[in-house]
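Written below as structure tokens is the structure these notes are about.
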């Protein structure tokens, strides 16, 4: 429904939440009201310091005047500090670049998984596997590593969920334990696995690139955070000894960072990436289409889908998804998906906030903004435009995997990217593009693997491939032996 006046009369349980904004005085003179991340990964419903009311039951009848009284009588508490263990470490640093941009202290963090034998092999220096993805306070269910692997619990509520996600959680403990055995056992590549924390006032991560609205996160991560980690934990500290990988948001980031910093990383494994060709921005061609919410048909308006299940049933439309974001926050402040794309990819608007790619109410596309997106963040366009200089630096480094029934239709952009990559010459890209038959979002390669298993075995399957690539492409005369114990 598009108005609370259309809520059916009845009894409802209501809870109020106040999401706190702060005033930011940016170095370029802008003054903005934004919600600062407080260690939760930019999630307003669990953000420490936000105010809540006690849930209460009320009878609602929109046809009658009345007042509902709620008291904000609770405060969301802060999170406890994550504790280091033998294998897992946590760091947080203040970024000089981001602090200068935002006009206040800004921080970057990371969770680090050390290889087995790190303490015993004190002379070894290690390559980095940089895992890109949504904010995590420590190693989450996708990475699936715990120092003390728990026994499988198939009776949990998550394990009882239907479909592929129920299968994922039913398998989680089993494959987490397997990853622990592989990581700590003999014969597994001895590398440092890093997950990044770069939540910001717009989202739970920055998309790891420089942006007019978010600031120089790409430079801050690549030239401040990564070198700091390598200094602290004996990383090799050279671009040839760093790989990138991740899924969804992390899939886009892993590919974008490799493209924007081609000498600083040595290979990307991108899974189910967010739109990497904006001619297929989900089901919107932002350059040719006039409206993001409806087809441009002459005689009728057909809603554009936004989300489907793995058998193709449409579960939400672009209009519904964007109107939800508009309710949660104007000026790209919802903390949700379309708003962060708008904040990362877009120019600064006249009001100092991200300039919209389309009108949030009507879906009418601003093609001046889409032209800015193309030149700065359309990864396929950038590769095609700059292949003469980028190609020699990226040969053999690009690997992309997606299900052909991606829930957000992200496979469509991969098809367009694949067509370009296969056409490349001088040099040929010499990489990988693979599709999972009838697989939904976040299928991560392996033709014999379903989505849940492919996610949980991503490190076991690709760490050896990354290690082999690093050893094969290392500059002549460098040390590729100390970490191969």
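The values are calculated or read from the model by the stated rules, or taken from the named source; none is laboratory data. Predicted model, so just to flag it, every value in this text is computed and none were measured. We place every Cβ from the backbone using ideal geometry, glycine too, and count neighbours over all the protein chains shown.
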Exercise. Mind checking whether some residue in the stretch 214-221 is farther than 30 Å from residue 119 by Cα, touching a strand residue (DSSP E or B) at 6+ places or on another chain (Cβ under 9 Å) and modelled with pLDDT under 95?
Worked result: no
For this session: Please go through the stretch 336-357 and pick out each residue that is over 13 Å from residue 205 (Cα atoms) and touching a helix residue (DSSP H, G or I) at 6+ places or on another chain (Cβ under 8 Å).
Result: 338, 345, 346, 347, 354, 355, 356, 357
Problem set entry | Residue satisfying condition, being free of Cβ contacts under 8 Å to residues at least 40 places away in the same chain, touching a helix residue (DSSP H, G or I) at 6+ places or on another chain (Cβ under 7 Å), more than 29 Å from residue 46 (Cβ to Cβ) and not assigned by TED's automatic domain parsing to the domain that holds residue 302, within set 432, 424, 389 | 424
Exercise. Only one of these conditions is not met by residue 107: (1) closer than 21 Å to residue 204 by Cα; (2) touching a residue at least 40 places away in the same chain (Cβ under 8 Å); (3) touching a helix residue (DSSP H, G or I) at 6+ places or on another chain (Cβ under 9 Å). Which number is it?
Worked result: (2)
Seminar exercise, completed: How many residues of the stretch 288-317 are within 21 Å of residue 439 (Cα to Cα) and surrounded by 17 or more Cβ atoms within 10 Å (Cβ to Cβ)? The answer is 6
Exercise. Which of (1) modelled with pLDDT of 95 or more; (2) in contact with a strand residue (DSSP E or B) (Cβ under 8 Å, 6 or more places away or on another chain) is the odd one out, the single condition residue 278 does not satisfy?
Worked result: (2)
Exercise. Conditions: (1) surrounded by fewer than 24 Cβ atoms within 10 Å (Cβ to Cβ); (2) under 18 Å from the mean Cα position of the chain (by Cα); (3) part of a helix (DSSP H, G or I). Residue 251 meets all but one. Number of the miss?
Worked result: (1)
Seminar exercise, completed: Of the residues in the stretch 274-290, those that are touching a residue at least 60 places away in the same chain (Cβ under 8 Å) and assigned to a loop (DSSP other than H, G, I, E, B) come to 274, 275, 276, 277, 282, 283, 286, 287, 289, 290
Problem set entry | Filter result (out of contact with any strand residue (DSSP E or B) (no Cβ under 7 Å at 6 or more places or on another chain) and not in a helix (DSSP H, G or I)) within the stretch 355-386 | 356, 359, 360, 361, 362, 378
Seminar exercise, completed: When residue 325 is run through (1) surrounded by 14 or more Cβ atoms within 10 Å (Cβ to Cβ); (2) part of a loop (DSSP other than H, G, I, E, B), the failure sits at (2)
Exercise. Can you tell me how many residues in the stretch 5-37 are surrounded by 13 or more Cβ atoms within 10 Å (Cβ to Cβ) and within 19 Å of residue 213 (Cα to Cα)?
Worked result: 10
For this session: Kindly list the number of the only condition in (1) surrounded by 13 or more Cβ atoms within 10 Å (Cβ to Cβ); (2) assigned by TED's automatic domain parsing to the domain that holds residue 214; (3) touching a strand residue (DSSP E or B) at 6+ places or on another chain (Cβ under 6 Å) that fails for residue 82.
Result: (2)
Problem set entry | residue 94, sole failed condition from (1) closer than 21 Å to residue 210 by Cβ; (2) surrounded by 14 or more Cβ atoms within 10 Å (Cβ to Cβ); (3) within 23 Å of the chain's Cα centre (by Cα) | (2)
Exercise. Restricting the search to the stretch 328-347, which residues are surrounded by 17 or more Cβ atoms within 10 Å (Cβ to Cβ) and either over 20 Å from residue 249 (Cα atoms) or touching a strand residue (DSSP E or B) at 6+ places or on another chain (Cβ under 7 Å) (or both)?
Worked result: 329, 331, 332, 333, 342, 343, 344, 346
Exercise. Within the stretch 38-54, can one find any residue that is part of a loop (DSSP other than H, G, I, E, B) and either in the same structural domain as residue 105 (by TED's automatic domain parsing) or loosely packed, with under 11 Cβ neighbours inside 10 Å (or both)?
Worked result: no
For this session: Kindly indicate which of 177, 223 is assigned to a helix (DSSP H, G or I), surrounded by fewer than 23 Cβ atoms within 10 Å (Cβ to Cβ) and under 23 Å from the mean Cα position of the chain (by Cα).
Result: 223
Exercise. Has the stretch 448-464 got at least one residue that is over 30 Å from residue 311 (Cα atoms), out of contact with any strand residue (DSSP E or B) (no Cβ under 7 Å at 6 or more places or on another chain), in contact (Cβ under 8 Å) with a residue 40 or more places away in the chain and in the same structural domain as residue 187 (by TED's automatic domain parsing)?
Worked result: yes
For this session: Select from the stretch 17-32 the residues that are more than 19 Å from residue 98 (Cβ to Cβ) and assigned to a strand (DSSP E or B) and list them in ascending order.
Result: 17, 18
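Table: residues versus (1) assigned by TED's automatic domain parsing to the domain that holds residue 213; (2) more than 30 Å from residue 16 (Cβ to Cβ).
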{"site": "321", "(1), (2)": "no, no"}
{"site": "325", "(1), (2)": "no, no"}
{"site": "331", "(1), (2)": "no, no"}
{"site": "338", "(1), (2)": "no, no"}
{"site": "345", "(1), (2)": "no, yes"}
{"site": "360", "(1), (2)": "no, no"}
{"site": "369", "(1), (2)": "no, yes"}
{"site": "382", "(1), (2)": "yes, yes"}
